[in-house]
Amino acid sequence: MILHELIDYEVLRVIWWGLLGVLLIGFAMTDGFDMGVGALLPFVARTDTERRVAINTVGPVWEGNQVWFILGGGAIFAAWPPLYAVSFSGFYLAMFAVLATLIVRPVAFKYRSKRPSPAWRRGWDWALFSAGAVPPVIFGVAVGNVLQGVPFQLTEDLFPLYEGTFYGKFLGLLNPFALLCGVVSLCMLVTHGAAWLVLKSDGAVAARARAIGSVTGLVTIAGYAGAGLWLAFGIGGYAFVGTPVTDGPSNPLYSEVTRTGSWLAAYADRPWIAIAPVIGFLGMILTVRGMRRKREQGRGEVTTLLWSKLGILGGISSVGLTMFPFILPSSIAPDSSLTVWDSSSSHETLFVMLVATALFMPLILAYTAWVYRVLWGKVTEADVESGSDTVY
């Protein structure tokens with residue numbers, strides 16, 4: 001027996017679909033609060049010292065957190081090549097905007113305090129704000145468009161063709177439902193960033209973060225519920241015609257897909273997936289509750305951050321579970337839609353990648369946990385004023 005045949009191709013595809021979700025959720029849980037803090041920076045900090053406090057709550061960890069984004073992109077490239085090709089070519093300008101802000105972010109961290117000029121520092125502060133606010137909006141808009149279907153079709157040799165002009169494809173992403181998803185995504189990560197600031201800072205910065213996070217948390221809950229209702233009654237779903245081949249070749253054109261009913265029909269077929277939106281709502285409700293209780297330092301602040309992570313887990317996983325097995329449906333040529341069963345790498349490739357992941361992922365998680373343990377504790381104004389050589 002060939003080694004990779006120890007695990008069925010169908011099972012490997014599902015495993016890598018789940019691992020992709022884990023990587024994206026891990027990115028949102030970790031780098032999500034970095035972006036949330038950046039988006040909050042102009043609003044929670046009014047003096048230069050307060051802004052340095054906010055920046056230094058994420059200063060030691062943002063680089064490691066961003067690795068989850070790289071891992072997610074690498075997993076898409078290696079495990080789901082058609083998804084990488086179709087999505088990155090269709091969302092080119094949107095992805096470029098995300099990368100531009102993420103490239104500016106490290107420069108802003110490193111150069112902000114190099115000069116004492118208020119104008120100099122203010123400019124870099126707004127760069128950090130854009131790096132915190134723009135990616136969540138674009139990621140949410142992308143999810144909104146994926147749920148509606150993306151206007152592409154595959155040629156016979158699997159070359160993706162998109163409707164519209166180069167700039168029109170970008171502007172076409174900005175439809176009402178997608179913008180609602182963008183708002184939900186931004187508010188979710190701003191709430192997450194606020195929970196982080198409550199844990200890692202004190203005084204005025206933490207108090208303002210509580211106030212803003214309570215509001216954005218409520219907006220997240222309302223927007224998430226509104227998007228769910230819109231998805232139930234205003235957006236059509238996708239389904240296979242007949243029974244799909246789950247262990248066949250990776251060619252989407254071999255399957256027949258139709259638009260039918262609602263995405264939420266998945267909850268009738270697989271009722272257990274309702275746990276995901278329940279977790280999403282519960283996590284955000286408890287996050288808001290934790291923000292408003294204004295506990296003293298300690299376990300309550302940690303719990304609030306964990307509730308926020310739980311809300312992110314439920315919110316993102318609900319999208320993947322609702323769409324399964326579809327990954328990137330096509331609105332103009334449903335038969336070109338990419339699914340778990342026809343968009344993966346080969347059986348052997350998925351197996352080799354799984355072995356590598358099983359070896360290295362525990363090391364990454366252990367190192368990450370160790371770093372957070374070493375860097376535990378609050379950042380105070382005294383810390384940034386007395387440690388100018390060791391902090392941003």
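Results, tabulated for the structure shown:
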| read-out | value |
| --- | --- |
| Solvent-accessible area per residue, Å², over region 248-359 with all protein chains present [probe radius 1.4 Å] | 46 |
| Heavy-atom accessible surface of the chain: percent carbon and sulfur, 1.4 Å | 68 |
| Computed magnitude of the charge dipole of region 14-143 (debye, nearest 20; Cβ of K, R +1, Cβ of D, E -1) | 540 |
| Residue-level accessible surface for residue 200, protein heavy atoms, 1.4 Å, Å² | 20 |
| Nearby aspartates and glutamates by direct alpha-carbon distance to residue 200 (threshold 13 angstrom, same-chain neighbours under 8 apart not counted) | 34, 50, 296, 301, 381, 383 |
| Kyte-Doolittle mean at least 0.0 and Cα axial length at least 30 Å: DSSP H helices in the chain | 9-44, 118-148, 176-200, 203-234, 299-323, 347-374 |
| Dipole of region 50-182, positive direction: furthest Cα of 175, 128, 149, with charges on the beta-carbon | 128 |
| Sequence-distant residues sharing a close amide H with residue 238 (under 5 Å, placed H) | 260 |
| Sum of -39500 (n - 2.57) over DSSP H runs of 4+, divided by residues of the chain (222 nm, nearest 500) | -23500 deg cm²/dmol |
| Prolate/oblate/rounded label for region 58-156 (Cα gyration tensor, a/c 1.5) | prolate |
| Å² of accessible area per residue within region 89-245, as computed with a 1.4 Å probe and no ligands counted | 44 |
| Solvent exposure ordering (accessible area, 1.4 Å, most first) of 110, 378 | 110, 378 |
| Of (1) 32, 25, 20; (2) 38, 22, 21; (3) 35, 27, 17, the label for semi-axes √(5λ) of the Cα gyration tensor in Å derived from the coordinates | (2) |
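The values are calculated or read from the model by the stated rules, or taken from the named source; none is laboratory data. Small disclaimer: the values here were computed from a predicted structure and weren't measured. Every residue, glycine among them, receives a Cβ derived from its backbone with ideal geometry; neighbour counts consider all protein chains shown. For accessibility, only protein heavy atoms count, side chains too; no ligands or nucleic acids. Shrake-Rupley method; radii C 1.70, N 1.55, O 1.52, S 1.80 Å.
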